[in-house]
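What follows is a short report on a single structure.
The values are calculated or read from the model by the stated rules, or taken from the named source; none is laboratory data. Computed from a predicted structure; not experimentally measured. Counting neighbours? That spans all protein chains shown, and the Cβs are built from the backbone with ideal geometry, glycine included.
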Amino acid sequence: MGSQLGFEVKAKDIGARVGLLEVGGKKIETPALMPVVNPKREVLSPRELAEEFNVPVVMTNAYILLRDEELKKEALDRGVHELLGFDGVVATDSGSFQLMQYGNVLTSNREIIEFQNKIGSNIGSFLDIPSLPDAFRARAEEQLDLTLERAREAKAEADFIVNAGIQGSSYLDLRARAAGEIGRDFRLCAVGGIVGIMEDYRFSDLVNIIATVKRNIPLDRVVHAFGLGHPMVFSLAAALGCDLFDSAAYALYAREGRYLTATGTLHLDNLGYLPCCCPVCSRYGLELKELDKDEMVRELARHNLHVSFGELERVKQAIHEGSLWNLLSVRLRSHPLLLSALESLSEHGEWLSTLDRITGKSSFYYLGPEAEYRTEVINARDRLRRVDSERTIKMPPFGDVPLELTSIYPFVSYMSPDSVEREDVYAPVRDIERLRAMMDYQFGSGAGSLIPERVRIKNSRRTGRMRWVYLDGELIASLRASDNWIIPKKELALRLHERFPYPLLRVSVDDEAKPFVEEGRSVFCKFVLEIDDNLRCMDEVLVVDTDDNLIRVGTLHLSPGEVRDYGRGMAVRVR
Ligand code: GUN
Ligand code: ZN
């Protein structure tokens with residue numbers, strides 16, 4: 001059972017996505033942060049959270065409600081939304097956190113599921129067992145088996161969207177097995193048992209756990225990182241494909257006088273200045289320290305949330321403009337152990353590079369040695385092998401880049417501490433040679449030879465750059481102004497189709513979709529039969545029918561893996 005969960009991807013960068021989640025008719029933009037409300041000890045009420053932060057979703061604890069006679073009665077009588085005074089999406093947790101803290105809880109999986117059914121949780125959890133990091137292996141395994149049994153019970157009994165916990169301690173093979181099972185049965189998958197890992201700043205383990213989970217669930221699953229509420233890891237977790245976070249930290253930290261920043265935690269006692277200009281910090285300044293305890297906790301909690309939501313906006317903007325790596329390079333230098341996460345990311349670079357886009361508008365900033373394994377670099381180096389050129393320029397970490405390619409992403413906007421003057425690089429190459437090398441780079445070795453000497457290239461009057469390519473009076477390609485990417489028209493597409501055998505460059509669609517695609521409508525994932533794995537998100541692709549007849553050309557808006565895993569949504573925008 002369970003209600004429907006919609007998820008639509010709006011922008012992608014590395015493994016991250018900006019998406020639109022739809023829960024019971026209500027929309028939540030992701031990556032999203034669910035502030036946790038403790039119904040017995042509210043620091044800020046859900047009403048205040050809605051008014052000040054416009055939050056579309058909060059998380060509360062069903063176990064706490066169940067164990068308090070008054071709250072239990074009220075939740076059962078009026079529902080959890082009325083109890084909280086919140087008409088957005090309400091997620092509830094099951095008591096697993098208490099299980100982790102105290103070793104046992106006074107409820108059963110069935111009882112807590114039924115309770116969440118009755119109080120009207122939009123999103124709920126079963127009683128997964130968060131094994132501790134480095135738990136005795138046999139124990140972690142036993143706890144995982146019980147967790148998976150409880151997941152099956154939830155699958156049968158829950159009327160809410162199940163936030164399905166994936167456990168397995170620090171054992172990556174257990175995580176992989178758990179992810180495989182949970183990912184098959186649930187659309188909202190939660191990386192669980194990572195609170196201790198976070199508290200100990202074991203960021204390298206965090207990367208390996210999240211990456212292992214992501215690699216073993218279908219790519220269309222929405223991913224929640226359970227208990228990940230510190231803004232300093234939002235960019236990292238988002239880059240690995242997490243869509244949801246929950247924060248009890250904003251309130252728990254406030255009680256201890258801890259002041260969150262996007263680069264770490266400070267203590268109010270140690271503050272001589274306030275490195276923030278949120279409404280709280282602007283209003284009080286250092287007098288924040290002089291407030292009486294309760295008010296100080298409330299105001300500090302508000303500050304902590306302002307910082308958290310501020311960082312989330314920064315992450316979304318980075319995804320939107322394709323500069324998430326730049327943000328990671330800065331954020332992961334905030335602590336030596338975060339630097340270890342940067343190293344661990346390198347081990348997942350090949351996988352992440354299959355998810356990333358191949359072109360974009362943002363600048364490529366060299367910001368340190370991690371550039372070696374940035375996803376753009378892995379993808380670009382791979383494509384550089386397709387291009388043969390004698391005239392190259394050194395662009396670490398890409399290596400020797402043909403001069404013919406300096407006007408396209410990521411080389412066009414390359415900036416390093418010893419960047420050369422761009423005009424000098426651009427000058428000496430003939431347009432047709434540039435075009436041929438770009439063809440090889442975009443489509444494969446030999447694509448450049450499809451451009452005969454007699455083509456006529458028209459340049460933009462404004463920028464002087466190539467814009468249109470004509471062959472015998474017919475327009476065969478245009479170049480996109482934003483990234484100089486080649487957009488083939490019918491004639492050039494036919495030549496590519498002839499030059500490169502099936503399944504190269506292709507997305508094949510079933511017969512049902514063919515007439516729609518012929519009309520110029522988008523190709524939806526569910527109609528795709530096969531897709532070339534060498535393609536990348538934002539590549540120009542050949543859309544073909546089951547007999548490999550060329551139907552149209554279009555832009556791929558997902559990675560090949562995503563096209564396979566996504567049951568719905570657009571795969572190719574056809575021209
Ligand atoms: N809160 C923090 N970690 C967890 C977890 O692993 N599972 C659940 N259900 N809640 C949590
Ligand atoms: Zn502040």
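Restrict the check to the range 228-240 and report whether at least one residue is of a type in the set (Val, Ile, Thr) and within 30 Å of residue 352 (Cβ to Cβ). Yes. Within the range 105-135, being closer than 17 Å to residue 199 by Cβ and in contact with a strand residue (DSSP E or B) (Cβ under 9 Å, 6 or more places away or on another chain) holds for one residue alone: 130. Residues that are within 14 Å of residue 47 (Cβ to Cβ) and within 28 Å of the chain's Cα centre (by Cα) within the range 80-95 comprise 86, 87, 88, 90, listed in sequence order.
Residue-by-condition table, conditions (1) on the phi > 0 side of the Ramachandran plot; (2) touching a Cys at 6+ places or on another chain (Cβ under 8 Å):
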position: 169; (1), (2): yes, no
position: 188; (1), (2): no, no
position: 191; (1), (2): no, yes
position: 195; (1), (2): no, no
position: 207; (1), (2): no, no
position: 211; (1), (2): no, no
position: 218; (1), (2): no, no
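Residue-wise test of (1) free of Cβ contacts under 8 Å to residues at least 12 places away in the same chain; (2) away from ligand 1 (no atom under 16 Å from the Cβ); (3) surrounded by 22 or more Cβ atoms within 10 Å (Cβ to Cβ).
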residue: 270; (1), (2), (3): yes, yes, no
residue: 274; (1), (2), (3): no, yes, no
residue: 311; (1), (2), (3): no, yes, yes
residue: 314; (1), (2), (3): no, yes, no
residue: 330; (1), (2), (3): no, yes, no
residue: 353; (1), (2), (3): no, yes, yes
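Filtering the range 25-34 to residues that are at pLDDT 95 or above and either over 27 Å from residue 233 (Cα atoms) or of a type outside the set (A, V, I, L, M) (or both) leaves 26, 27, 29, 30, 31. Reported count of residues in the range 61-104, each being touching a residue at least 24 places away in the same chain (Cβ under 8 Å) and within 22 Å of residue 197 (Cα to Cα), is 9. Selection over the range 237-272 of residues that are away from ligand 2 (no atom under 11 Å from the Cβ), under 30 Å from residue 375 (Cβ atoms) and among the polar types (S, T, N, Q) gives a count of 3.
Where helices (runs of 4 or more DSSP H) fall wholly inside the range 35-151, the ranges with 1 or more residues that are within 29 Å of residue 168 (Cβ to Cβ), at pLDDT 95 or above and more than 16 Å from ligand 1 (Cβ to nearest atom) are 109-119.
Scanning the range 236-268 for residues that are more than 16 Å from ligand 1 (Cβ to nearest atom), in contact (Cβ under 8 Å) with a residue 12 or more places away in the chain and acidic (Asp, Glu) gives a single hit, 243.
Where in the range 273-388 are there helices (runs of 4 or more DSSP H), lying fully within it, with 1 or more residues that are within 16 Å of ligand 2 (Cβ to nearest atom) and of a type in the set (A, V, I, L, M, F, W, C)?
Values: elements: 279-284, 293-321, 324-331, 336-347, 349-355, 375-384.
Correct list: 279-284, 293-321.
Filter the range 159-175 down to the residues that are crowded, with 24+ Cβ neighbours inside 10 Å and touching a residue at least 60 places away in the same chain (Cβ under 8 Å), then identify the one that is farthest from ligand 1 (Cβ to nearest atom). Filtering the range 159-175 for residues that are crowded, with 24+ Cβ neighbours inside 10 Å and touching a residue at least 60 places away in the same chain (Cβ under 8 Å), the one farthest from ligand 1 (Cβ to nearest atom) comes out as 160.
Could you list all residues from the range 276-295 that are of a type outside the set (Asp, Glu) and either free of Cβ contacts under 8 Å to residues at least 12 places away in the same chain or within 16 Å of ligand 1 (Cβ to nearest atom) (or both)?
Quick first cut of the range 276-295, residues of a type outside the set (Asp, Glu) only: 276-286, 288-289, 291, 293.
Those that are of a type outside the set (Asp, Glu) and either free of Cβ contacts under 8 Å to residues at least 12 places away in the same chain or within 16 Å of ligand 1 (Cβ to nearest atom) (or both): 277, 282, 283, 285, 291, 293.
Taken across the range 45-55, residues that are among the acidic types (Asp, Glu) and touching a strand residue (DSSP E or B) at 6+ places or on another chain (Cβ under 7 Å) do not occur at all.
Hey, could you check the range 510-532 for residues that are of a type in the set (D, E, K, R) and touching a residue at least 40 places away in the same chain (Cβ under 8 Å) and say which is farthest from residue 476 (Cα to Cα)? Please lay out each step first, then the result.
Here is the first cut: in the range 510-532, the ones of a type in the set (D, E, K, R) are 510-512, 514, 518-519, 521, 526, 530, 532.
Narrowing further to those that are touching a residue at least 40 places away in the same chain (Cβ under 8 Å): 521, 526.
Values: 521: 21, 526: 30 Å.
Filtering first and then ranking leaves 526.
Is there a residue being touching a Gly at 6+ places or on another chain (Cβ under 8 Å) and within 24 Å of residue 37 (Cα to Cα) anywhere in the range 309-332? No, every residue in the range 309-332 fails to be touching a Gly at 6+ places or on another chain (Cβ under 8 Å) and within 24 Å of residue 37 (Cα to Cα).
Given the condition more than 27 Å from the chain's Cα centre (by Cα) and over 30 Å from residue 200 (Cβ atoms), answer yes or no: does some residue in the range 96-110 qualify?
Going through the range 96-110, the residues more than 27 Å from the chain's Cα centre (by Cα) turn out to be 98-110.
Retained after the next criterion (residues that are over 30 Å from residue 200 (Cβ atoms)): 108, 110.
Yes, the range 96-110 contains at least one residue that is more than 27 Å from the chain's Cα centre (by Cα) and over 30 Å from residue 200 (Cβ atoms).
Considering (1) in a helix (DSSP H, G or I); (2) closer than 30 Å to residue 348 by Cα; (3) not basic (Lys, Arg), the lone condition that residue 11 does not fulfil carries the number (1). Pull up the range 191-205, narrow it to residues that are within 13 Å of ligand 1 (Cβ to nearest atom) and not in a loop (DSSP other than H, G, I, E, B), then point me to the one that is nearest to residue 565 (Cα to Cα). Here the residue is 191.
Go through the range 167-190 and report how many residues are assigned to a loop (DSSP other than H, G, I, E, B) and either in contact with a His (Cβ under 7 Å, 6 or more places away or on another chain) or under 19 Å from residue 19 (Cβ atoms) (or both). Please lay out each step first, then the result.
Kept after step one, since they are assigned to a loop (DSSP other than H, G, I, E, B), are these residues of the range 167-190: 167-171, 186-187.
Of the ones still in play, those that are also either in contact with a His (Cβ under 7 Å, 6 or more places away or on another chain) or under 19 Å from residue 19 (Cβ atoms) (or both) are 186-187.
Result for the range 167-190: 2.
Here residue 395 meets each of (1) at pLDDT 95 or above; (2) crowded, with 21+ Cβ neighbours inside 10 Å with one exception, condition (1). Pairs linking a residue in the range 206-235 that is within 16 Å of ligand 2 (Cβ to nearest atom) to a residue that is acidic (Asp, Glu) and not in a strand (DSSP E or B), with Cβ atoms under 7 Å and 6 or more positions apart or on different chains, are 231/311.
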